[in-house]
Amino acid sequence: MGVVIATTCARCGSSRDAGAGLCAACDDRAPLRYYAEYGKRYAARDLDAFMELFADGWTMVIRSAGAAIETIDVATCRAWTASVYAVSPDVRFAIDEVLACDERVLAMRASYHGQGPGGRGEFAYVAGFVTVVERGHSMHTEQFEYDDDAAMLARYTELTRG
């Protein structure tokens, strides 16, 4: 399964894979193309191919309410992804809502859904993200609480100012 965005595409009318007015297939902005590929590679469970999407020097800043800010690097992302693949036979990524997007930066709500070991139980991990994409690679990501639109949009604005 690729990227799933839950609205209706203004161009093709698809109610699946649509967001910010256009589905991933109809919207050619670089961050949405990136996340379409991200979703495909994540679902394919090919860790090496998935990790090729991250630029050398990539970092993610985790901004959780009431917790210290934490920064992770590519090696940590790889280890976390491998651990999820090890326990979930069907984990998948979905964009739930695009808050803002230009040719380089995306602010969104996203989720990961799957089943636990042996197909027992279901889980969901939800968060907000602001990602900078250049030359088909994620350069930097910041993670926020899922519903913290104000913080995500403020960071998006900072990153998109000339």
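Laboratory data are not the source of any read-out in this text; all were calculated from the coordinates shown. Since we're looking at a predicted model, the values are computed, not measured. FYI the Cβ positions are ideal-geometry reconstructions off the backbone, even for glycines, and counts take in every protein chain you see.
Shape of segment 108-162 from the C-alpha gyration tensor: oblate (a/c of 1.5 or more and a/b not above b/c, with a ≥ b ≥ c the square roots of its eigenvalues).
Under the criterion of Cα pairs below 8 Å and six or more residues apart, the relative contact order for segment 58-162 equals 26 percent. Taking other Cβ atoms within 10 Å as a rough exposure proxy, ARG109, ARG120, ARG29 sort from fewest to most as ARG120, ARG29, ARG109. Across all directions, the average projected area of the convex hull around the alpha carbons of segment 47-162 is 7.8 nm². Computed from point charges on the beta carbon alone (+1 for Lys and Arg, -1 for Asp and Glu), the dipole magnitude for segment 54-160 about its Cα centre is near 340 Debye.
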